[in-house]
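These notes concern the structure reproduced below.
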Amino acid sequence: MNVKMPQLTPVSRSDDQILDQTLRPRSFDDYVGQEKIKENIRIILGAARKRKEPAEHLLLHGPSGLGKTTLAYLIAKELGTSLKITSGTALEKAGDVGSILTSLGDGDVLFIDEVHRLNRAVEEVIYPAMENFKLDIIIGKGIAAKTLQIDLPRFTLVAATTKISLLSAPFRSRFGIDFRLDFYDENDVEKIISRSAMLLGVEIDKKAVGVIASASRFTPRVANRLLKRVRDYAQIKDMQSVTAIVAKEALGMLEIDSCGLENTDRKILKAIAVNFDGGPVGLKSVAAAIAEEEGTIEEVYEPYLMRIGFLARTSKGRIITTAGCRHLGIEPKNETLFS
Ligand SMILES: Nc1ncnc2c1ncn2[C@@H]1O[C@H](COP(=O)(O)OP(=O)(O)O)[C@@H](O)[C@H]1O
Ligand SMILES: [Mg+2]
């Protein structure tokens, strides 16, 4: 597979991105869990190959770090085509999409990350491109304006989003199928940690893998990040291998508790419990109370807090649950709210 990174993509090489790249599964066999999705994707790709047609456009959604970008890589690899990567924030104008679409080869995969951030003007260029591989170009302005239609290569769009609710219905309907990636079970997270440890050359015992897994928020990216931090800690302490004790110490240093909660998670819960009497409270107020961005709270922290049943969203706003209060060591104020 040949991966072309177009200029349009902002490439910042943070430590996390480098880690993502190093540990990214290279084949479907390395891609742990999500069995149903893998099976469905393989059927879709196999059928497309048989018909010698481009595969249907696919939409991947779910919280960050669960393997959406990795799937895009694997799809292109399985199809034996090139992958072009861009994101909803990079495609600002109709012309941006035009230049990327015309640069594709026949059968290529175009991956648009954070697709919910595409603006209307860009979406409108994408519709005909997705439907019949045509690009409408408007030349001139006002009454002299003319539309020119050009043929595009037959490509497959793979789009990813953490916020499916922000996609318009017409846009969503243009995908052949959408897949919701779910949190991983602890067994799968353990497998991912063991595989990553092998790739990074980290000696780690089974119990330590378990300790890291239980603090990993059921999320592969978090698991890999914690493994790396634990490895760094073990190195500083001159330990040859990572044991459960070392792993616990390292997580303690990072202020990550046994449920995988970080400081910010606890701040969110505490703000709801203490400042807002347990809720319901709007996202804006929570964000203001802890000086964190609304989007970050909603996309990064809340999905996991809801998953473990510490926080719930109601029509009136966020509430902390009884379990959430107990975890903080706070007595729930109004039992009726928390049921
Ligand atoms: N199913 C999986 N098996 C093994 N590792 C995975 C899996 N899903 C994700 N990862 C790891 O987690 C990292 C983040 O995955 P990524 O595809 O970038 O997530 P997303 O795009 O959903 O935020 C990857 O680099 C990879 O190392
Ligand atoms: Mg991604």
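The values are calculated or read from the model by the stated rules, or taken from the named source; none is laboratory data. Because the structure is predicted, anything quoted here is derived from the model rather than measured. Note that we place each Cβ from the backbone using ideal geometry, even for glycine, and neighbour counts take in every protein chain shown.
What the table below lists for this structure:
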| item | result |
| --- | --- |
| The range 45-73, residues that are within 16 Å of ligand 1 (Cβ to nearest atom) and in a loop (DSSP other than H, G, I, E, B) | GLY62, PRO63, SER64, GLY65, LEU66, GLY67 |
| Test: residue in the range 101-120 that is β-branched (Val, Ile, Thr), farther than 30 Å from VAL32 by Cβ and either within 16 Å of ligand 2 (Cβ to nearest atom) or in the same structural domain as LEU23 (by TED's automatic domain parsing) (or both) | yes |
| Answer residue from the range 25-40, given it is away from ligand 2 (no atom under 16 Å from the Cβ) and touching a residue at least 40 places away in the same chain (Cβ under 8 Å) and is surrounded by the fewest Cβ atoms within 10 Å (Cβ to Cβ) among those | SER27 |
| Leading residue by the ranking (farthest from ligand 1 (Cβ to nearest atom)) among those in the range 74-106 that are more than 18 Å from ARG154 (Cβ to Cβ) and of a type in the set (A, V, I, L, M, F, W, C) | ALA94 |
| Test: residue in the range 111-119 that is in a helix (DSSP H, G or I), under 24 Å from the mean Cα position of the chain (by Cα) and not aliphatic (A, V, I, L, M) | yes |
| Verdict on THR161 being out of contact with any Asp or Glu (no Cβ under 6 Å at 6 or more places or on another chain), of a type in the set (Ser, Thr, Tyr) and in the same structural domain as LYS36 (by TED's automatic domain parsing) | yes |
| Count of residues meeting criterion [over 26 Å from the mean Cα position of the chain (by Cα), on the phi < 0 side of the Ramachandran plot and surrounded by fewer than 15 Cβ atoms within 10 Å (Cβ to Cβ)] in the range 220-238 | 3 |
| Whichever residue in the range 156-173 is modelled with pLDDT under 95 and surrounded by 17 or more Cβ atoms within 10 Å (Cβ to Cβ) and, among such residues, is farthest from ligand 1 (Cβ to nearest atom) | PHE171 |
| GLY65 being in contact (Cβ under 8 Å) with a residue 24 or more places away in the chain and in contact with a His (Cβ under 7 Å, 6 or more places away or on another chain) | no |
